Each structure stands twice: as structure tokens, then as C-alpha cells.
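See below for the structure under consideration.
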Amino acid sequence: MVAEGERRSWPDVVRAGLYGLVRHAAEPAGAEPGPQIERLIDKARADGDLDMLALALAWRAWVAVARRGDVDDRADDDLAKAAVMLEPAEGDPVIRATAHFRLAFSFLQRRLWELADEQFAAAEAMVDAVDPYTRDPLLHRAALAYDRVLVQLDWACALRELGDRHGIAARRDAQIGAIAAAESIDMPFEWRQDIKMAALVLDLVAGGERLETARAALEALPEDQRAAWEGFVHLAESLHPDVVGLAAAASAADRAIATIDAAENPAVYDLAVHQATVLEAALAGKRTAGLRSAEALAKQREKGRQASVAAMRAMVASERLRNERDQLARHALHDPLTGLANRRGFDRHVASLQASGVIQVALLLFDIDHFKPVNDRFGHPAGDAVLRRVGDILTANVRSGDFAARFGGDEFVLVLANSSEAAAVKRADSIAREVADQNWKDIDADLEVAISVGVAAGDPAKVEVLGRQADSALYQEKEARR
Ligand code: GH3
Ligand code: MG
């Protein structure tokens, strides 16, 4: 697909194919996806596809943490950049929703639940737009609802270690809301069962006492699903020594530690270890050193987590500012209609040429002939289309070292560094011919466009003089034509 897309110059197909390679390499059995991600990043950047670039950066950050286990500066940077790229409310909803998902998973890997929740919410906001595209429209929505329910349980486990009752209650409320939203969504039956289990366990983590209900629900599960939830129910039992008895709670904690997959559910596993320590102290009838250490560890972990959330928010804010500044600079130096530089962009280019030590520069000044009547006869939108087309022709003629700008109105300029006057005249004639030979009929059947040009070449320090010379050459050509 990538090769075919490249052969036919279909950039969208190439990017979609590269994304497929990333997805495939990122499967557990896949090769290290790094090289494919780099290819996708380069391509998305070269094509200016910010949605795909955000998705690729989110993948790179996810791989750094999930596969290699390292949280590095680049991963932070990738996450902040991707989050800001996805902030404008336009773009391809499928790619954007997928990128929000991947960002959410990256944040989950780092226990930044607040941020993950925001990314899930952002994905949810575009789920309606995603539906018509996906083969199984409900799956996206269902996966989102499912994830939002399960995230609350992890988060609540971390809060339980801290004894934060208000925090846990908030997680339970959020989960109840997420479950209500999930009710009307069509999803696989096992997912419904998972949601039910997550709700029962979270309720027990919050201090609820429906242990029997949870046990019965566990027993009713098919075998592999039961294996996945068994440890959670042991954990729930260990959290209720007043109901099951201290010794039974302690052995439930041991079973929880033995059954919960620490890699798969680190926050739940950590709570089991913490609770085992709490029960050991209760059995010993004193605040053991282990308990003190466990409490200190939980506090420290939360402090670090909060610091990471704050740091990430600060990075996103500064990335947003940097972006706005870049955009302002772009707007200040560019003409929005043609995308070419404007007068200020031209001035800045000339200043950098003068500073660079270039000894000869040529100015090619273009002005569309009888442009005012084009507007009058064919309408202003047709006039705009003509200006854009001329801009495209100039852009296509920009070689390395050249610079094109629109001075405003129907006046354009091409600056050639280190070009002789004769070479510049040749380029000018060829561009004027290209303009005349355009198929203008697709803008209007009666439209014809011609452009006049004036050329001057000389010392870059005297650009103003050259500009006047080019202008009078242009004027003479216009007069001659009339
Ligand atoms: P000449 O052959 O002498 O160059 O005559 P002209 O009609 O091309 O020259 P003139 O400078 O009188 O007309 C330029 C016109 O360009 C006037 C203005 O309405 C139009 N114009 C300027 N900016 C825009 C724009 O952004 N879009 C459109 N559609 N027209 C524009
Ligand atoms: Mg004109």
C-alpha cells in the first residue's frame, strides 16, 4: 500500500499505509514499532498533516512508556505537542479520535488519570463524526464507554491507599455516570460483564459491603473472565476485615497479590500490597515499620503523580503559547489568499539576503494585466481564484535560494539570489508564458489572463533602487502592450 501510494503520488494512502505498519508493529508479537513511527512522523510532517502527526507522536510516547518503560523528556514533549495539535476543532475525526485514545492510553500508563479522562472526553466529543466512517460504528463508542468506566477503578485504588474518601466518592460518581452512558450502547456481552464487575469492586473499594454480590457475580463469569477478576474480588475481601475477619482478610490480600497481574493492573496490585501491609500491622496490633513505609510510599507516589500532572499541564500551556506565537508570526509575514509571503515577509527576506553576503540579486516584478476588469466581469471570487493560481505558478517556480511574495493587489515579486540579469529575464519570460498558457477556462469559460513583468538585477544593498527599476521596466512593458 505504501509503495503503491508512493508510485501514484497519493500521500493520504501512503500515510494510511504507514499507520497500518505502526499498528502492526505495535502488536505484542510485532517488531519494535520505533522505525515505522519515525517514518510516519516524517511523512505526516512533510505533508503538513497535523492530525496524523499528533497520532504518530502519541504513539511514540506510548511506546516509550508501555514497551520500554522509560518516561523521558521526548515522551513528555511528544504528548504536549500532540495534545496541542488536536486542540483546533477541525480535521479528520477518525484520526483525531484515534489520537485522543492513544494520548489517553499514554497518560494511563503513567497514572495521569486526570489527563487521560480529558482525552477520553475529547474523543467522545467526536464520536458522532466518527460513526459514518468506521466499519463497526458502535465499537468506537463502546470501547470509549468501557475504558471510561474501567479507568475510574484504577484511580479509586490509588486514592484508597491514601485514604482519600472524597476522592474515591468522586471516582464512584464518575463511574456511575460513565455506566449510565454505556447502557444505551451496543457492546460485546463480556464487556458488560467487565463493567458490572468494575462497578461492584469500586463500590467495595469505596467502603460498600456487597461482598456476597461480588462473589456471586464472579462465580457467574466464564472461566477466563473469572481469572481476570478473581484477584480484584480477593482484594475487595481484604478491604473488609470487619466483615470477613482479620485473618481471612490477610490471606485474601495474599491471594490478591498472587493473582493480580501487576503489569496489567499496577494501581490495583499496589493497593493489594498496601492492604497486606495494613492487615499485617492490624494483626500485630501496632503501627509496624512496614505500615509506616507503605503510607510514606503512597504519599510520595501521589506527590510525584500530582507533580507530573502539573508539569504536563504546564508543558501543554507553553506549547500552546509557542504555537500561537508561531501562527501570529506566520500571519504577520504571509498573505492569507495565496499563502505567499507578504510585503513584510519580503522585507525580512531582503534583510537576511543583505546580511548573508550574497553579491548579486535579481527582482522579478509581476503585475496581472487588466485585472480590475476580471473582477468586474467574472466576480470577485473568480478574481481571487486567478490570484491564487498565479501564486501557485510562482510557488512552483521557486528554486532553492529563490523567494516569492505577493505585494498586495495583483502585484507579485520573485527574488533570485546570485542570478544574472539575463538569466532573470529568461525566468521571467518563461513564467509569463506559463501564466498565459494556463487553462483559465476552468475558472470561467471566457477568462484569459496575461501578466507583465519587469526585471532588475544588482547589488542587494540597493534593493530599493532595484525595485524602482523593475517597476519602471514593468510600466514600460505595460505601455508597450497597450
Ligand atoms: P493594469 O493592466 O494596468 O495592471 O490594470 P489592472 O486592472 O490590473 O490594475 P489595477 O491596479 O487598477 O487593479 C488591480 C485590481 O486588483 C484592483 C482591485 O480591485 C483588485 N484586487 C486587489 N486585491 C484583490 C484581491 O485580494 N482579490 C480580488 N479579487 N481582487 C483584488
Ligand atoms: Mg494589474
**Q.** For the chain, average projected area of the Cα convex hull in nm²
**A.** 30.3 nm²
Q.
Can you classify the range 150-227 as rounded, prolate or oblate using the Cα gyration tensor, where a ≥ b ≥ c are the square roots of its eigenvalues, rounded means a/c under 1.5, and otherwise it's prolate if a/b beats b/c and oblate if not?
A. oblate
Q.
Only counting other Cβ atoms within 10 Å, I'd like Met126, Met1, Met197 sorted with the fewest neighbours first.
A. Met1, Met126, Met197
Q | Approximate spin-label separation Arg210-Arg377, in nm, with each point projected 7 Å along Cα-to-Cβ | A | 7.8 nm
Q: Rank these for me by crowding, His274, His380, His100, going from fewest to most other beta carbons within 10 Å.
A: His380, His274, His100
Q. Rounded to the nearest 500, what is the chain's calculated 222 nm mean residue ellipticity when only DSSP H runs of at least 4 contribute -39500 (n - 2.57) each, over all residues?
A. -23500 deg cm²/dmol
Q | Amide H contacts of Phe403 (H built 1.01 Å from N, under 5 Å, at least 5 apart or other chain) | A | Val415
Q) Toward the positive end of the charge dipole of the chain, about the Cα centre and with charges on Cβ (Lys, Arg +1; Asp, Glu -1), which of Val398, Pro88, Val151 goes farthest? A) Val398
Q.
If I take R0 = 22 Å and measure r between the Cβ atoms of Asp459 and Arg344 in this structure, what FRET efficiency does the formula 1/(1 + (r/R0)^6) give, to the nearest 0.05?
A. 0.45
Q | Farthest positive-ward along the chain dipole, Cα basis, beta-carbon charges - from Ala181, Gln275, Ala31 | A | Gln275
Q) How much length is gained if the chain between Ala169 and Arg45 is pulled fully straight, taking 0.36 nm per residue apart and subtracting their Cα-Cα distance, in nm to one decimal? A) 40.3 nm
Q. So how long is each side of the range 270-427 along the principal axes, counting just the alpha-carbon atoms, biggest first, in Å?
A. 97, 45, 21
Q: Above 17 angstrom, tally the Cα pairs of the range 343-481 and express them as a % of all pairs, no decimals.
A: 58 percent
Q. Arranged by the count of other C-beta atoms within 10 angstrom, fewest first, what order do Thr98, Thr213 take?
A. Thr213, Thr98
Q | Long-range amide H partners of Ala450 with built H, under 5 Å | A | Asp369
Q. What dipole magnitude, in Debye to the nearest 20, does the range 343-481 give about its Cα centre under +1 on Lys/Arg Cβ and -1 on Asp/Glu Cβ?
A. 400 debye
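A short reminder: the numbers here are calculations on the coordinates, not readings from a lab. Note that the coordinates shown come from a computational prediction; the quantities given were computed from them, not determined experimentally. Ideal geometry is used to build each Cβ from the backbone, glycine not excepted, and the neighbour counts take in all protein chains shown.
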